[in-house]
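The values are calculated or read from the model by the stated rules, or taken from the named source; none is laboratory data. Quick caveat, the model's predicted, so the values are computed rather than measured. Virtual Cβ from ideal backbone geometry, glycine too; neighbours counted across all protein chains shown.
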Amino acid sequence: MQDKYQHTEVESAAQAHWTAHDAYRVTEDQNKKKFYACSMLPYPSGKLHMGHVRNYTINDMLTRQLRMSGYNVLMPMGWDAFGLPAENAALKNGVPPAQWTYDNIAYMKKQMQAMGLAIDWSREVATCDPDYYRWNQWLFLKMLEKGIAYRKTQVVNWDPVDQTVLANEQVIDGRGWRTGALVEKREIPGYYLKITDYAPELLDFVTGDKLPGWPERVKLMQENWIGKSEGVRFAFPHDIRGNDGALIGDGKLYVFTTRADTIMGVTFCAVAPEHPLAAHAAQGNPALAAFIEECKHGGTTEAELATQEKKGMATGLTVIHPLTEEPVPVWVGNYVLMGYGDGAVMGVPAHDERDFAFALKYQLEILQVVQVDGEADFDFERWQDWYGDKEHGVTVNSDSFSGLSYKEAVNAVAHALDKLGLGEKKTTWRLRDWGVSRQRYWGTPIPIIHCAEHGAVPVPEKDLPVVLPQDCIPDGSGNPLHKHEGFHAGVTCPVCGQPARRETDTMDTFVDSSWYFMRYCDPKNSEKMVAEGADYWMPMDQYIGGIEHAILHLLYARFWTKVMRDLGLVKVDEPFTKLLTQGMVLNHIYSRRTDKGAKEYFWPHDVEHILDDAGKVVGAKLKNAVGDLPVGTPIDYEGVGTMSKSKNNGIDPQELIEKYGADTARLYTMFTAPPEATLEWNDAAVEGSYRFLRRVWNFGVKLSTLDKVAADASVVGATSLKDVEFGKEAKALRLEIHTVLKQVDYDYQRMQYNTVVSGTMKMINALEDFKAMDCPGAQVALIEGFGILLRCLYPATPHISHALWSQLGYAAHLGDLLDAPWPQVDAQALVQDEIELMLQINGKLRGSILVPAQADKAQIEAAALAHEAFLKQANGAAAKKVIVVPGRLVNVVV
């Protein structure tokens, strides 16, 4: 074998070996216990980043270790290939999204293969492949049949210049990202999925301890998003009539509240800009009409409204308080969504922080109706947290409802409203039905045909897939499918046979990622969406991905699974048994403001830190000239943040692999932090990981010179070592190796891969420190120990481990490292002949003593009293007391 570690040669040879043996192809095997481990599929943006490297290495370590432990393990990979970035790239580069996407897939796949990942590429899927998305369309039609999918109007962001719908992320400060035009809100028809029908079950699984393998914070995020609320829906009566003379809304403005106990503190109602009362009031009020028009340029989602400035305008209308019969002014609020509840809310400034701020801004009345014992007087100018405390509050200033606790007040108010026929208790959900229509090109075509006579007609199942043309190049003038004649050519109504047009909306890309993990189980099946493969592999045993997908992706995937279950396609209730949300990879961020006010970012390798006396970073300067900026130019240090191309703080995995090798990249990302924690990039630690692998290689070279007979006798496992005579030093080495192995084995089970790597470092230290080559059994102990080290290290660094395993002859006895048996702790090796106890004299450490492992208290006392440290300290005096702490220390009191 080569004397020096050449990572390029080692890794190319190992990968060639795995490819030649088709090492990672997996089939269903009823005789083995299955384990399905999957990373969230990436978007093919062009290049892998270090977050990908970390995610996939976690998955790879899990896969390889379980395979060695006898499991049938599936680790697939695919591409979340539809979406907006491809359209943006088409606009920028003038190439079809399909070409851009497939080129990126090819490059990123090559990068993954260079990482040595144990992926079964025979199961690869790309969501832009018609063989994949035909099943999106097929299941959509099944949902239509069952009433789970339906059509209704939806509010969207409309760019009046480009004549196109914009995604929320394309709206910047109320303007279109490309044109800068003020974005309008428009209502257009679209398709929705009744995820709300599954809300109780979706909630029950995250609150009912039915997903014990999920992080608690992810379950809490899902619980909050689903948002079950128990409260009261009631009406404010009014006599406001429309132009036709009829009462608007039958003379009732409905709201829902979870704080019916504060109903006597209502001082205003706020309605959405699209509410009928708002439209009515605006007819004779130009200022109000202008404000409503302004609101149309705001956000369309609850998340957006939560962050924008709360604005309002009085309508001049009033409604009647249902209990006091006093008039209540009606306002239009930009923070009220027409699509949520009844499009109206009651305003109780004294006990809702948002309403409090709104009331101060517009000088509205604030009425305190809840008091908490022990709190200070109510401050009408400053919000205090106790104002919203419903658990400890008691109603005040509420007429007959005063003096009640929260629950008592809610029940009393609900009863009173019910008697008046104006309200009742009700459970509502924050979760809304999933709008899947996207007015974009690069996505799954919605399988609908529009007929002048019969309206929206489903595409017959036999005509699936409806294939998306791949030659379109978006130019910013709307969805190119509108004018793609080939897409519409020859289309006739399935009902009457008359000429018709295809639906040009495409599906939300969350549809693509809601079930891809099931398609991995039956990737080539042209007859069924999923089949026997899903019965074998599902549910997934371990899912790995970023916390940014903790809500929508996971929620939609859970919903999709339940729909597939109810349609008889799968047998599982939940798709993912365990979930790991790996931490982000961070790096330093450096910037400066240019003369024109723009922000310019700098690569870390061009920057030098400025430290204070305590070693804290207080600034930065250039250590290399950048453009016109000379060495020494001061720049701003922004701390650490997520790696990003835009901030010049990313690390290219390809460059890292070329310089140090994939094994170093893998080892570094696993060793530096636990999988769920953030990882702060450190160039010195990367160098350290590379040096460690050189040490492992160098020890393998040293071992290659030892007696091969000894190797043959040792590598077959601990059972063959019972007859080997081990001297004192060899026993100590085996004790160290097997003690560490026991901890490493435990760490693998809990996926604490950073401590796994530190365990292998302890092993190499013990092996390198062993010098007693004349000791009986020395060579056997060394070769056994190194074989254990290679197997423990292999899941993290498979290339170098494969090379050393093969070249040192281990493979001849235990087979290819891929399927070599996982090392077992030899209980006999953990048995100690002697143990070391710390020796204290009058509580101060003075040395140590060696005693037989089975020594009793009298033997330990005798050894301590015979030690030179005691004899010197006692100076002939007898010991007053000897205290023995078994297995740890002995303290002699003189």
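When His588 is evaluated against the numbered criteria (1) crowded, with 19+ Cβ neighbours inside 10 Å; (2) under 30 Å from Phe35 (Cα atoms); (3) modelled with pLDDT under 95; (4) not hydrophobic (A, V, I, L, M, F, W, C), which criterion, by number, is the only one it fails?
Status for His588: all satisfied but (2).
Identify all residues within the range 410-427 that are part of a strand (DSSP E or B) and either of a type in the set (Asp, Glu) or surrounded by fewer than 16 Cβ atoms within 10 Å (Cβ to Cβ) (or both); write none if there are none.
Glu424, Lys426, Thr427
Which residue pairs have Cβ atoms closer than 7 Å, lie 6 or more positions apart in sequence or on different chains, and pair a first residue in the range 172-199 that is farther than 12 Å from His297 by Cβ with a second residue that is acidic (Asp, Glu) and assigned to a strand (DSSP E or B)?
Thr179/Asp159
Give the range 554-602 a look and list any residue that's assigned to a loop (DSSP other than H, G, I, E, B) and more than 30 Å from Tyr516 (Cα to Cα), or say none. First the steps, then the outcome.
Keep residues of the range 554-602 that are assigned to a loop (DSSP other than H, G, I, E, B), which gives 567-575, 577, 582-584, 594-598.
Hits for the range 554-602 are Thr594, Asp595, Lys596, Gly597, Ala598.
Would you pick out the residues in the range 240-264 that are of a type in the set (A, V, I, L, M), within 24 Å of Phe401 (Cα to Cα) and touching a helix residue (DSSP H, G or I) at 6+ places or on another chain (Cβ under 6 Å)?
Residues satisfying the conditions are Ala260, Ile263.
Residues of the range 25-40 being buried (at least 22 other Cβ atoms within 10 Å of the Cβ) and among the hydroxyl-bearing types (Ser, Thr, Tyr), which ones?
Tyr36, Ser39
For the range 588-599, indicate whether the set of residues that are assigned by TED's automatic domain parsing to the domain that holds Pro458 and small (Gly, Ala, Ser) is non-empty.
no
Suppose we filter Asp159, Asp120 for residues that are under 30 Å from Lys528 (Cβ atoms) and either out of contact with any Ser or Thr (no Cβ under 8 Å at 6 or more places or on another chain) or not assigned by TED's automatic domain parsing to the domain that holds Leu62 (or both); which single one remains?
Matching residue, one of Asp159, Asp120: Asp120.
Does the range 385-398 include one or more residues that are in contact with a strand residue (DSSP E or B) (Cβ under 7 Å, 6 or more places away or on another chain), part of a loop (DSSP other than H, G, I, E, B) and either surrounded by 22 or more Cβ atoms within 10 Å (Cβ to Cβ) or in contact (Cβ under 8 Å) with a residue 40 or more places away in the chain (or both)?
Within the range 385-398, not a single residue is in contact with a strand residue (DSSP E or B) (Cβ under 7 Å, 6 or more places away or on another chain), part of a loop (DSSP other than H, G, I, E, B) and either surrounded by 22 or more Cβ atoms within 10 Å (Cβ to Cβ) or in contact (Cβ under 8 Å) with a residue 40 or more places away in the chain (or both).
Are there any pairs with C-beta distances below 6 angstrom linking a residue in the range 213-231 that is farther than 15 Å from Lys578 by Cα to a residue that is of a type in the set (Gly, Ala, Ser) and buried (at least 16 other Cβ atoms within 10 Å of the Cβ), with the two at least 6 apart or on different chains, and if so which?
Correct list of pairs: Met221/Ala550; Ile226/Ala199.
Just to verify a result, which residue in the range 585-598, among those that are of a type in the set (Lys, Arg) and in contact with an Asp or Glu (Cβ under 9 Å, 6 or more places away or on another chain), is nearest to Glu638 (Cα to Cα)?
In the first step, residues of the range 585-598 are kept if they are of a type in the set (Lys, Arg); the result is 592-593, 596.
From what's left, in contact with an Asp or Glu (Cβ under 9 Å, 6 or more places away or on another chain): 592-593.
Values: Arg592: 10, Arg593: 13 Å.
Here the residue is Arg592.
Which condition number in (1) of a type in the set (Gly, Ala, Ser); (2) more than 19 Å from Glu574 (Cβ to Cβ); (3) surrounded by fewer than 18 Cβ atoms within 10 Å (Cβ to Cβ) is the one that Gly213 fails?
Of (1) of a type in the set (Gly, Ala, Ser); (2) more than 19 Å from Glu574 (Cβ to Cβ); (3) surrounded by fewer than 18 Cβ atoms within 10 Å (Cβ to Cβ), only one is false for Gly213: (2).
Working only within the range 391-412, note down all residues that are under 19 Å from Thr267 (Cα atoms) and not polar (S, T, N, Q).
Selection gives Val396, Asp399, Phe401, Ala409, Val410.
What are the residues in the range 660-711 that are out of contact with any helix residue (DSSP H, G or I) (no Cβ under 7 Å at 6 or more places or on another chain), surrounded by fewer than 20 Cβ atoms within 10 Å (Cβ to Cβ) and closer than 21 Å to Thr642 by Cα, if any?
Listed by number, the residues that qualify are Glu676, Ala677, Thr678, Glu680, Asn682, Asp683, Ala684.
Take the residues of the range 41-83 that are over 25 Å from Asp522 (Cβ atoms) and charged (D, E, K, R): which is surrounded by the fewest Cβ atoms within 10 Å (Cβ to Cβ)?
It comes out as Lys47.
Take the residues in the range 229-239 that are in contact with a helix residue (DSSP H, G or I) (Cβ under 7 Å, 6 or more places away or on another chain) and crowded, with 16+ Cβ neighbours inside 10 Å; name whichever of them is farthest from Thr428 (Cα to Cα).
Filtering the range 229-239 for residues that are in contact with a helix residue (DSSP H, G or I) (Cβ under 7 Å, 6 or more places away or on another chain) and crowded, with 16+ Cβ neighbours inside 10 Å, the one farthest from Thr428 (Cα to Cα) comes out as His238.
I'd like the residue in the range 833-859 that is touching a residue at least 12 places away in the same chain (Cβ under 8 Å) and polar (S, T, N, Q) and, out of all such residues, is surrounded by the fewest Cβ atoms within 10 Å (Cβ to Cβ).
Asn842
Taking Lys621 as the residue in question, decide whether it is on the phi < 0 side of the Ramachandran plot and over 33 Å from the mean Cα position of the chain (by Cα).
Yes.
Pick from Thr318, Thr267: which is in contact with a helix residue (DSSP H, G or I) (Cβ under 7 Å, 6 or more places away or on another chain) and either in contact (Cβ under 8 Å) with a residue 24 or more places away in the chain or not assigned by TED's automatic domain parsing to the domain that holds Glu184 (or both)?
Matching residue, one of Thr318, Thr267: Thr267.
Tell me the helices (runs of 4 or more DSSP H) entirely within the range 59-151 that contain at least 1 residues that are at pLDDT 95 or above and of a type in the set (Val, Ile, Thr).
In the range 59-151, 97-114 are the helices (runs of 4 or more DSSP H) which contain 1 or more residues that are at pLDDT 95 or above and of a type in the set (Val, Ile, Thr).
Can you report the number of residues in the range 591-609 which are exposed (fewer than 11 other Cβ atoms within 10 Å of the Cβ) and touching a His at 6+ places or on another chain (Cβ under 7 Å)?
The number of residues fulfilling the criteria is 0.
Please report, ordered by residue number, the helices (runs of 4 or more DSSP H) entirely within the range 213-328 with at least 2 residues that are acidic (Asp, Glu).
Answer list for the range 213-328: 216-226, 286-295, 302-307.
Within the range 618-626, is there a residue that is out of contact with any Pro (no Cβ under 8 Å at 6 or more places or on another chain) and closer than 29 Å to Val757 by Cα? First the steps, then the outcome.
So in the range 618-626, the residues out of contact with any Pro (no Cβ under 8 Å at 6 or more places or on another chain) come out as 618, 623-626.
Of the ones still in play, those that are also closer than 29 Å to Val757 by Cα are none.
No, the range 618-626 has no match at all.
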